[in-house]
Amino acid sequence: MSAIRVASAALLGVTALTLSAPAAVAIGDDDHYVMSTGYSVVPSLVEPGGQVSLRVDREVTGCRSHVTVSSGVFDAVTIPRGSSSAAAEVDWDAKPGASYRVTFSCGGLSAVKDLTIASGRPSPLPYPSYHGVHAGEGGSFGGFDLKEIGLGAALIAGALGAAYHFSRRRTSEDAG
């Protein structure tokens, strides 16, 4: 019995250590570390010729020097030491619907984020536009289906009948 407890505790401990390892650091395609958190491209969906804000959270990333941001869709940008953001203008010839890789580099570490180019249709408003409600449609009889109501009633009746049958049978067994 003690071996099972020890094995369970060991397995639980290994699982906890594995899951608590920082997910921010992983090996990238070009054999250097890739940080996954603390960097962002806002907005992540932009039209050709639009402007994006490139942001770095210095507390999360631990980066204290300048950050170089590069992509195939805009010129390289440097976020100076002490600053947390910079702006970049997306090229006018960016392919609509394509997703481009944005690489943030700080020292020997880098992060990769995606930037998607809008398909040319007007982007949705940043805030929802409210319209009046459509009153008088549906109500308590909206989607009224006699087959579904009949099936539901049959199921309820069957459940009540089975409960009554088993309760009566158990009472007669207890009495005798």
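Taken together, the values in this text are just the output of simple stated rules run on the coordinates, not laboratory data. This structure is a prediction, so every number in the text was calculated from the model and none was measured. So basically every Cβ, Gly included, is an ideal-geometry build from the backbone, and we count neighbours across all protein chains shown.
Structure summary
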item	result
Radius 13 Å from Cβ of Val73, net charge of other residues (Lys, Arg +1; Asp, Glu -1)	-3
Difference of contour (0.36 nm per residue) and Cα-Cα distance, Ser99 to Leu45	18.5 nm
Label-point separation, Ala76 to Leu160 (7 Å along Cα→Cβ), nm	7.8 nm
Packing-based order for 147-153, 113-119, using average beta carbon neighbours within 10 Å, highest first	113-119, 147-153
